[in-house]
Structure formats: structure tokens, C-alpha cells
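A short write-up of the structure that comes next.
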């Protein structure tokens with residue numbers, strides 16, 4: 001678990017790595033970073049939860065339920081993680 | 001001496017290939033230990049043993065021969081028996097047909113006996129987490145002798161598997177390896193989570209491998225071009241072979257359902273305001289690792305409602321309904337690569353909501369990585385299918401034989417409702433029961449839906 005501040009690149013890498021575990025058949029280069037992820041990748045609620053749990057496990061950043069709306073797109077998720085890593 | 005037989009694999013799956021053993025003669029086993037892996041049209045599954053004892057003899061070698069359910073696979077000596085050789089009755093040969101002389105089919109997994117353990121690394125502290133220790137126990141590996149490759153002397157799952165001589169292999173890679181006689185233990189896996197994928201096999205053809213099993217030259221182009229990076233596993237489960245096999249299995253089951261089961265359908269609209277508000281409050285306090293999904297809440301409510309209408313819970317076999325005292329709720333899980341499995345959460349009505357959520361989470365993870373168990377695949381007494389997430393308003397599912405009921409949920413939608421004579425807007429969901437009319441009638445089916453609705457109005461009691 002890391003306690004350093006995340007750069008946007010770090011955050012995006014973690015996001016993609018976890019997504020690759022959940023949806024290994026998806027080509028990362030085809031994902032639109034600003035479009036709703038569950039629509040693009042046909043993620044169901046369990047996939048989505050696994051994604052959040054995976055991000056939490058790798059970054060140590062907690063994602064309270066009320067903040068879930070930040071995690072609808074990759075851009076939104078990356079911004080949240082960077083801000084959260086600065087704040088702690 | 002107990003015969004360990006190939007157990008039931010789920011509806012309409014009467015045969016399977018034995019793809020690997022996780023135990024050897026002389027190993028101690030307990031009830032519930034996973035002892036082998038088999039492959040059916042619905043993919044690879046783990047087989048548990050139901051007895052305590054010591055493995056006396058493995059009767060069948062892994063091969064591509066399809067074995068019928070009930071085939072004796074091994075003999076287990078109860079711990080109080082002495083290991084005297086019994087006069088064995090003549091057994092049918094169940095090994096693979098003889099392959100071409102230049103190829104030697106090599107079993108995946110340790111059959112010949114335990115591998116010599118690597119000496120422990122000197123001067124390094126070792127960390128072995130409980131799940132890794134459990135895996136080591138399951139695979140018959142002495143975890144203290146496993147070489148740790150993780151950071152700071154951590155023993156990883158891959159370390160344990162390597163020590164057990166067993167690798168996680170995608171179904172397509174496994175079949176290819178068996179057909180081509182490739183020794184999987186020689187490969188470095190490049191798939192996700194240390195899984196061997198087809199790209200790892202095709203790379204092998206262009207190398208000379210010393211002392212290894214000879215790989216016959218392939219005449220046609222490999223299905224996966226060698227330059228495809230292993231991470232892109234989209235070709236692992238395409239529309240041929242395993243996915244097609246699964247489709248055939250589903251087709252058989254659904255065609256049988258249509259042919260044999262006179263099905264009636266009932267729908268009711270359930271107000272979900274209380275349930276969802278309660279869940280939001282509960283989840284607000286919880287870390288992401290303990291979050292509960294609406295699916296778990298609905299599953300618990302369904303399991304409890306089934307207690308009230310037991311003629312929806314059981315199997316119809318040979319013209320007779322066998323009501324089940326236990327409620328093993330099948331959960332329909334769609335696989336990203338195509339296809340559907342509906343393994344059971346066993347005794348779902350007895351689990352707490354947290355336990356049920358954990359069981360569902362575990363089931364989904366294992367369904368997607370081909371690690372479901374035959375006991376889960378064969379034991380559902382009724383099934384729940386949640387179709388709302390992709391926008392379905394009202395579901396009309398089909399009963400999965402030999403079950404007699406299936407419950408489908410559509411999308412939670414804000415709808416206008418009348419409450420105390422006034423118009424309100426509430427989140428509501430259509431819940432459908434489809435059931436076998438040979439066993440239950442609409443009145444009883446209706447009571448079930450009423451019970452389900454009632455449970456979801458009191459989420460704190462779930």
C-alpha cells in the first residue's frame with residue numbers, strides 16, 4: 001500500500017490495471033476516458049464493485065459510497081484518486 | 001474402501017473430462033477438500049471429495065476422454081482401514097485413446113507424486129497469508145518448503161502452485177496442450193494472475209526445448225498469431241470451442257425445459273424505497289470491501305420467501321417432485337466471454353446478509369475464472385436472475401431443469417404509485433416468478449411473490 005501522492009498517470013495506470021483483471025477481453029486503447037464506464041464495458045454492479053475494491057487495495061484510498069458518482073468515468077476516477085492522495 | 005465417483009455436474013451435463021488431479025496416493029483428504037478438476041461444456045470446475053480418508057489409488061488419468069457421471073475416479077481408504085490390497089474387480093479402461101507415436105500426452109497437475117520441494121531460502125523472513133496457507137493445504141504442499149518469490153519473503157499463490165506442479169490454465173490453452181502433448185509445467189505464464197494462455201503455447205512451437213516432450217510440427221497456422229501480446233486474451237474464449245460448448249449445454253437445458261415443463265408466469269411490482277434507503281444507510285458506514293449490493297438483499301429475501309412456499313424449492317426427477325429441505329439459491333451469472341452459469345449459494349436462507357454478499361462475491365469471481373465447484377453447479381434448488389442492470393423492465397426467464405422455479409428481477413425504476421389515495425413516485429421493480437405447473441399453482445406462486453414483497457419492505461430483518 002502506497003502513501004505517496006499519486007500523479008494522474010499513476011492513477012490512470014492503477015485504474016486500467018484493475019479493469020484489465022475484471023474485463024481482460026477489453027482492449028484498453030478502445031476505452032473512452034470521459035464516457036460512462038459501465039455502459040462502455042458492460043460492467044454490472046458486481047464488476048463495478050470489484051473495480052472499486054481493486055483500486056482501494058492497490059492505492060489504500062478509501063472510496064465511500066457517497067463518492068461513487070466520481071467513478072463513472074476513468075477521468076473522474078483518476079481525478080478523485082489524485083485529490084484523495086494529496087489530501088491524506 | 002470408498003469409491004470416489006464423478007459427481008453430478010449440473011442439469012443436462014452427464015459427462016466430463018478429467019483434466020487434473022490435485023492429490024496423489026497417500027494424501028490425507030477431508031470432506032470438502034478439492035481433489036480434482038474436470039471440464040464440461042460449461043467450463044472447468046473443481047471437484048470436492050465427500051469423505052475423510054487417505055487416497056489409496058487414482059483410477060483414471062487426466063485425458064480428453066469424456067467420462068460419464070458416476071465413473072469411479074479414485075479409491076479412498078477410510079482412516080481406520082488398513083492398506084491391504086483388495087482383489088480389484090476388472091475395471092473398464094478409461095484412459096485416453098492411444099495418441100500418435102511422436103506425441104506423449106502429459107497430464108496437467110501432479111499425478112506421479114509430490115515434487116521435490118525447493119529448499120527454503122536462507123536468512124529471509126517468510127510471510128504466508130492465511131489464504132495462501134489454505135491453498136497450500138488444498139494442493140498438498142508443505143508451505144514451509146515453498147520458495148517465496150514475493151516482496152520481503154512473501155509466499156505467493158503462484159509459488160504454491162508452482163510447488164504443486166500445477167498451473168492455472170485457460171480452458172482453451174488446456175485443450176490445446178492436451179491435443180499437442182505440450183508439458184504445461186515448462187511454460188512461463190503470461191496471462192492474468194499467472195494463468196497460462198494460448199499465446200504461451202504458440203510461442204513454444206518455435207523453440208527447441210531441451211529434454212522436453214517433443215512437440216509435433218503443426219501443419220496449419222496457429223489460431224493465435226505469436227505476436228499477439230499475451231495480455232490481450234480476447235481470443236482465449238472466442239465463439240468456437242469452449243464458448244460454443246457452453247452454448248450447446250445451455251441450448252440442451254433450455255430446450256428440455258421448454259419440452260418438459262409446463263411453465264406459468266406471475267409478475268408483481270415491488271416498492272423498493274425502504275429497501276434501497278436502508279441499504280444506502282448501511283453502506284454509508286461501510287468500507288468499500290464490506291459494501292452490500294442490492295442483489296444480495298434480494299437474494300436473501302428470495303431465500304426466506306422460498307421457506308414459505310416450499311413447493312417452489314426442489315427438483316422434479318422421474319415424474320416426481322423432490323422437495324428440498326435446504327434452500328440452495330442458484331444465482332444467474334453472465335460470463336463476459338459469453339454464456340451463463342447459475343451456481344448455487346448453498347443454504348442461502350441461513351446466511352447473514354454479510355455472509356450472503358461475501359458468498360455472492362466469491363461465486364462471481366470464481367465463475368469468471370473457471371473455478372466453480374461441481375457441488376455448486378449441481379445443487380441449486382431454485383434460481384434468481386437479476387436482469388435489471390442492462391435495462392430490462394420485466395424479465396420472463398425459463399425454469400432450469402430439474403428445478404421447478406425461477407425468479408427474475410427487472411430494472412429498479414422510478415414509477416408513479418398511489419399511496420393513501422395520493423400520487424407518489426417510488427423506485428419499484430418488477431419481480432417475476434416462473435414455475436412448474438406440475439408442482440405448484442398460481443395461487444401458491446402468488447403467495448411466494450407476496451412473501452418476497454413483504455420481506456423487501458422490512459430490509460432490517462434480512
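The values are calculated or read from the model by the stated rules, or taken from the named source; none is laboratory data. Predicted, not measured: the structure shown is a model, and the values here were computed from it. A quick note on method: Cβ atoms are made from the backbone with ideal geometry, for glycine too, and the neighbour counts reach across all protein chains shown.
Things worth noting here:
- Screening residue B:362 on (1) surrounded by fewer than 19 Cβ atoms within 10 Å (Cβ to Cβ); (2) within 20 Å of the chain's Cα centre (by Cα); (3) not in a helix (DSSP H, G or I) shows it passes everything except condition (3).
- Single unsatisfied condition, residue B:341 versus (1) in contact with a strand residue (DSSP E or B) (Cβ under 8 Å, 6 or more places away or on another chain); (2) more than 14 Å from chain A (Cβ to nearest Cβ): (2)
- Residue tally, condition exposed (fewer than 14 other Cβ atoms within 10 Å of the Cβ) and more than 13 Å from every other protein chain (Cβ to nearest Cβ), over the range B:238-249: 2
- Index of the failed condition, residue B:293 passing every other in (1) modelled with pLDDT of 95 or more; (2) away from chain A (no Cβ under 14 Å): (2)
- The requirement of being out of contact with any helix residue (DSSP H, G or I) (no Cβ under 9 Å at 6 or more places or on another chain), in a strand (DSSP E or B) and closer than 25 Å to residue B:273 by Cα is fulfilled somewhere in the range B:377-391, by at least one residue.
Rundown of residues vs (1) outside any loop (DSSP other than H, G, I, E, B); (2) modelled with pLDDT under 90; (3) surrounded by fewer than 21 Cβ atoms within 10 Å (Cβ to Cβ), yes/no style:
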residue: B:8; (1), (2), (3): no, yes, yes
residue: B:24; (1), (2), (3): no, no, yes
residue: B:32; (1), (2), (3): no, yes, yes
residue: B:50; (1), (2), (3): no, yes, yes
residue: B:67; (1), (2), (3): yes, no, yes
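Per-residue answers, yes or no, for (1) closer than 19 Å to residue B:315 by Cα; (2) touching a helix residue (DSSP H, G or I) at 6+ places or on another chain (Cβ under 7 Å); (3) within 14 Å of chain A (Cβ to nearest Cβ):
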position: B:251; (1), (2), (3): no, no, no
position: B:256; (1), (2), (3): yes, no, no
position: B:264; (1), (2), (3): yes, yes, no
position: B:274; (1), (2), (3): no, yes, no
position: B:284; (1), (2), (3): no, yes, yes
position: B:299; (1), (2), (3): no, yes, yes
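- Any hit, the range B:50-62, residues being under 17 Å from residue B:371 (Cα atoms) and in contact with a strand residue (DSSP E or B) (Cβ under 8 Å, 6 or more places away or on another chain): no
- When B:436, B:420 are screened for being buried (at least 22 other Cβ atoms within 10 Å of the Cβ) and farther than 30 Å from residue B:32 by Cα, only B:436 passes.
- Exclusive hit being free of Cβ contacts under 8 Å to residues at least 24 places away in the same chain, farther than 30 Å from residue A:37 by Cβ and touching a strand residue (DSSP E or B) at 6+ places or on another chain (Cβ under 8 Å), set B:452, B:423: B:423
- Counting only strands (runs of 3 or more DSSP E) that sit wholly inside the range B:397-462, those with at least 3 residues that are under 17 Å from residue B:303 (Cβ atoms) and in contact with a helix residue (DSSP H, G or I) (Cβ under 9 Å, 6 or more places away or on another chain) are B:405-409, B:422-436.
- Checked against the criterion of being within 12 Å of chain A (Cβ to nearest Cβ), touching a strand residue (DSSP E or B) at 6+ places or on another chain (Cβ under 9 Å) and in contact (Cβ under 8 Å) with a residue 60 or more places away in the chain, the candidates B:412, B:434, B:399, B:429 yield just one match: B:412.
- Hits in the range B:316-331 (condition: surrounded by fewer than 19 Cβ atoms within 10 Å (Cβ to Cβ) and in contact (Cβ under 8 Å) with a residue 40 or more places away in the chain): B:316, B:317, B:321, B:324, B:326
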